[in-house]
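Following: one structure in structure tokens, then a few remarks.
Throughout, read-outs are computed from the coordinates displayed, never taken from laboratory work. In this text the structure is predicted, and so the values were computed from the model without any measurement. Heads up, the Cβs are rebuilt from the backbone with ideal geometry, glycines too, and the neighbour counts pull from every protein chain shown.
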Ligand SMILES: [Zn+2]
């Protein structure tokens, strides 16, 4: 009897375990199938991408700068322009292009997600801020903001440190100047793990750090030519960034969109690189990700789940 009982008991256990096990396997297999088909991001990610173009300045590849901006505007995609204060304001063509589009594009609020041109402070003379004390850093930020405001009528709320270099004095200077967003890169300003505390419950003098983790081109490691990257590579960086940090900021420079030889750039557009940019914008949208401005990132962070 005892043995029979044990046998029956085992038999019953096998049945009672195998139904939940089957369901578990079914669910696991289903979710694995879904994940391999889809672009995989953390559930807390903003599912959004921000683009910033650094080194906006007078008489430097201005046709190229405008062709890149056109690509964003034609595709109704937002872009942040990192302007070098002391080197901006005298190139009538560039200034007119940016101010006309600021007025037109930013006035378009009828679309559900209208493209926005956002203006950022990219230093006074593209200096390494870590070489200055706090008081000097603060006045450099102030001068650049005043100049940009005088030329374009908007005061930047974003600071992109030149060379992505910054320190604690930079943070204090930004708070002093009421510039609440800073975008260096993940190497020089590593993001803390995103959390409710990081993106909500902020006080008015808090800083939002949205460092860049990818780019569409860069100086080669040998420092002797400027290389452009293919859209698939950038999409992989975006996926990694959304998983690691919950957001993705991609940096562009006018240089990788110019026809160039080594470090000599011409004011003509590299059409291959520009078409890679279009493919990148399309690719992001095909994955269901939004293209937003730096200040918009925090409103898409899904921190409550
Ligand atoms: Zn720069």
Once fully extended, how much extra length lies between residue 172 and residue 230, figured as 0.36 nm per residue of separation less the alpha-carbon to alpha-carbon distance? 17.1 nm
Under the 7 Å Cα-to-Cβ spin-label approximation, residue 279 and residue 155 lie apart by a distance in nanometres of 4.4 nm
FRET efficiency, 1/(1 + (r/R0)^6) with R0 22 Å, evaluated for residue 206 and residue 136 via beta carbons: 0.40
How many percent of Cα pairs in the range 46-300 exceed 34 Å? 10 percent
If each of residue 266 and residue 95 carries a label point 7 Å out from its Cα toward its Cβ, how far apart are those two points in nm? 2.9 nm
